[in-house]
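First comes the structure, then the notes that go with it.
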Amino acid sequence: MNTQVRRLLEFSAPPERRRAARPFWLPTLATLLVAGLTILLGQWQWHKAETKAAQRAGYDRAMAEPVLSWDEARALGEAALYRRVRLQGEFAGEYQVWLDNRILQGRAGYHLVVPLRLEGGGAVLFNRGWRAAEAERRLPAIATPAGRQTVEGILVHARSRYLELAPEQPVGGLWQNLDLDRYRAWYGNDLPDWLVLRTDMAGDGLVRDWPEPDAGIERHRAYAVQWFSLAALVVWLWFYFGLVKGWRRP
């Protein structure tokens, strides 16, 4: 029987026979790849949820602890994360910057960041709060308090890795992101890897509604369940069409 005749007979065969002649390894390989990928994605989302849950637990513990001085916070090191601190010093208003495109309750605005020169020496970056952006995109006119200040806030890490649209930031005024290394080079003095989120009332028109570190826990868990469900569905389809409907050769 030549090749053309054999192909004609296979094409004219009943659908059940043609289906049985399909290779079984191809859908099996596709099932393994898709199921493996969706399981990995589910594990990734679940890990993100667990990481944020651990951060929230640490935040709750820190909020229940007494307020620290700066010396006490420095002695604790990383254990001072999310701890409340009370600091004394003067704001270095000449190094004040606005961080652009900070969203609060669906509105775009700015964060106002300025170094606080501490009484005992050194300095730490201080986030004074949020202000909504004006329609003309003009920077808000917020004065820097002069003289000795006693302020309170929450210690967080000063993040310095962002996706930037431009290779360089302008000096002063409006910054796209807080790049800690670049800020240190501009400031000319050493700054610790901490940022203080101000919590006390100052009557300066800035909003201090800081998000807690549990945002998105349930969302990440829901995504994980969806990915795991998709993996189970793919395996079930392979079982149904491969074993029940007969992808296998007779």
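Laboratory data are not the source of any read-out in this text; all were calculated from the coordinates shown. This structure is a prediction, so every number in the text was calculated from the model and none was measured. For neighbour counting, all protein chains shown are included, and Cβ atoms are generated from backbone atoms with ideal geometry for every residue, glycine included.
Express in % the proportion of alpha carbon pairs of region 66-198 at distances exceeding 18 Å.
Details: 4813 of 8778 pairs.
Percentage above 18 Å: 55.
Give the order of Val196, Val234, Val225 when sorted by the count of other beta carbons within 10 angstrom, beginning with the fewest. Display every interim value, and only then the final one.
Numbers: Val196 24, Val234 20, Val225 13.
By the 10 Å Cβ count, ascending, the order reads Val225, Val234, Val196.
What percent do you get for the relative contact order of region 66-198 when only Cα pairs under 8 Å and 6+ apart count? Before the final figure, lay out the partial values.
Details: 249 pairs, mean separation 37.4, N = 133.
Value for region 66-198: 28 percent.
Quickly work out the Asp60-to-Arg219 label distance, labels modelled 7 Å from Cα along the C-beta direction, and quote it in nm with one decimal.
With each label point 7 Å from Cα toward Cβ, the separation is 2.1 nm.
Quick check: net charge around Gly153, other residues with Cβ under 13 Å of its Cβ, Lys/Arg +1 and Asp/Glu -1? Mind dumping the intermediate values first?
Values: positive: Arg83, Arg84, Arg86, Arg128, Arg198, Arg208; negative: Glu152, Asp200.
Its environment carries a net charge of +4.
Would you calculate the separation in nanometres between label points at Phe24 and Glu50, each defined as 7 Å from the Cα along the Cα-to-beta-carbon direction?
Output for this residue pair reads 3.6 nm.
Taking R0 as 25 Å, what FRET efficiency do you get between Val67 and Tyr187 from their Cβ-Cβ distance, rounded to the nearest 0.05?
On the way: r = 26 Å, r/R0 = 1.06.
My answer for the efficiency is 0.40.
Taking 0.36 nm per residue of separation and subtracting the Cα-Cα distance, what length does fully extending Phe241 through Arg137 add?
Details: separation 104, 0.36 × 104 = 37.44 nm, distance 5.93 nm.
The Phe241-Arg137 span can extend by a further 31.5 nm.
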